[in-house]
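Below is one structure, written out as structure tokens; the observations come after it.
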Amino acid sequence: MVWRFEPGEGLRDAFCRVAKAEIAKVRAGLSAPDPELETAIHEARQGFKRLRALVRLAKPRLGSDFTVENRRWRDASRLLSGSRDTTVLLQTFDKVRAKCDGQLPASKSRKLRARIASHAGKNGAADLEPHLREVFALLDEADRAVARLNWPGSSGALMKGLRKSQGRLRKYWKKACATAEADALHSWRKSVKDQAAQLRLFRQATPGKVRARRNDEKAAGELLGDEHDLWLLSEHLRAETTPSELAAAREVLVAEIEKDRKALRERAFKKGRAFSSESAKSFAGAVCSAWEKASARQSAVQQRKRRRSNGASRTTSPTP
């Protein structure tokens, strides 16, 4: 897999290699035949999120370049958001509707779904082709920029990035706990997903405790993602100018959505409390220490291999 730092690899080289590999992966996916394009768009947007997580980890070293790179991947994701957002909205509607069986006449739920699909589609990308051209142009720009960026090259620089990542996650978690508002939950979710992607870079080096944390982050991110999808559907339903004949059906759906959102929030807070409350210093120190130890072990292995290779060469050298 490309999204991984190799112990013993220079950090600057690792950041650069991973960025270039992710860009190439996204480009290959978006160049796929049309029947595979919807899947490729979803995977590309996941790739853009990983690239944003990478530059956030490098933010203390990137300086003003951080803003340029972060904006690039944000814009690329937005260019592809229209059709994907509509698909997710309708999938979420279908899940909620299935849970309301017996309370919701099929004819009325079909009409509500059609209205949401129509209105959501107007806000999506009407023509994907020009958007794809813009995305490919952004990928070209990024490919040229990667090698010249001032990526972190030392454990000290890495430590700063990890501390900033945990500090950001902790701040948004506290706000989400205090308010449970949609924006606060969404910010916490983005921080969780950023850090989960960052920790995956070190999966060859980190101990079991950190790997378990990454699993918890993935689970919490999925719970918060489902909660956010339900919130978006709720907003669409509330904004919908619904004929009186559909008003009762809409209220049944909204009530189910609010019940499900509450349950998802509770599960996410329970799953996320331990890793979100950890101090930035403790978190960064644990990851950096594991990385340094794994790199030292790998260096020792390479040195032993070189010594054996040199010894074998001397043994097999012809006598003059």
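Numbers for the structure displayed
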{"item": "Matching residues in the stretch 20-44 - criterion: being in contact (Cβ under 8 Å) with a residue 24 or more places away in the chain and either β-branched (V, I, T) or within 25 Å of R297 (Cα to Cα) (or both)", "result": "I23, V26, I41"}
{"item": "Conditions (1) modelled with pLDDT of 95 or more; (2) in contact with a Leu (Cβ under 7 Å, 6 or more places away or on another chain): number failed by A24", "result": "(2)"}
{"item": "Which listed residue, of S234, S244, S279, is under 29 Å from S187 (Cα atoms), surrounded by fewer than 13 Cβ atoms within 10 Å (Cβ to Cβ) and out of contact with any Ser or Thr (no Cβ under 8 Å at 6 or more places or on another chain)", "result": "S279"}
{"item": "Single match in R56, R45, R84 (criterion: of a type in the set (D, E, K, R) and in contact with a Ser or Thr (Cβ under 6 Å, 6 or more places away or on another chain))", "result": "R45"}
{"item": "Total residues in the stretch 280-297, condition farther than 13 Å from S154 by Cα and not basic (K, R)", "result": "10"}
{"item": "Residues of the stretch 48-63 satisfying the condition of being closer than 14 Å to G153 by Cβ and not small (G, A, S)", "result": "L57, P60, R61, L62"}
{"item": "Index of the failed condition, A19 passing every other in (1) surrounded by 21 or more Cβ atoms within 10 Å (Cβ to Cβ); (2) farther than 22 Å from L201 by Cα; (3) modelled with pLDDT of 95 or more", "result": "(2)"}
{"item": "One residue from R214, R189, R163 being at pLDDT below 95 and not polar (S, T, N, Q)", "result": "R214"}
{"item": "Selected residue (only one of V55, V68 is of a type in the set (V, I, T), modelled with pLDDT of 95 or more and within 17 Å of L162 (Cα to Cα))", "result": "V55"}
{"item": "Lone unmet requirement of (1) at pLDDT 95 or above; (2) assigned to a helix (DSSP H, G or I); (3) surrounded by fewer than 14 Cβ atoms within 10 Å (Cβ to Cβ); (4) assigned by TED's automatic domain parsing to the domain that holds S64 for A178", "result": "(4)"}
{"item": "Condition broken by R110, with the remaining ones in (1) surrounded by 19 or more Cβ atoms within 10 Å (Cβ to Cβ); (2) part of a helix (DSSP H, G or I) satisfied", "result": "(1)"}
{"item": "Qualifying residue in the stretch 128-136 (condition: part of a loop (DSSP other than H, G, I, E, B) and of a type in the set (F, W, Y))", "result": "no"}
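Here is a yes/no grid of residues against (1) surrounded by fewer than 19 Cβ atoms within 10 Å (Cβ to Cβ); (2) in a loop (DSSP other than H, G, I, E, B); (3) in the same structural domain as V96 (by TED's automatic domain parsing); (4) more than 23 Å from the chain's Cα centre (by Cα):
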site	(1), (2), (3), (4)
E258	yes, no, yes, yes
L264	no, no, yes, no
A268	no, no, yes, no
A274	yes, no, yes, no
F283	no, no, yes, no
V287	no, no, yes, no
E292	yes, no, yes, yes
S295	no, no, yes, yes
K305	yes, no, no, yes
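Table: residues versus (1) part of a helix (DSSP H, G or I); (2) buried (at least 23 other Cβ atoms within 10 Å of the Cβ).
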residue	(1), (2)
L158	yes, yes
W173	yes, yes
K190	yes, no
T206	no, no
N215	yes, no
D229	yes, no
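The values are calculated or read from the model by the stated rules, or taken from the named source; none is laboratory data. Here the structure is a predicted model, which means the values were calculated and not measured. Every residue, glycine among them, receives a Cβ derived from its backbone with ideal geometry; neighbour counts consider all protein chains shown.
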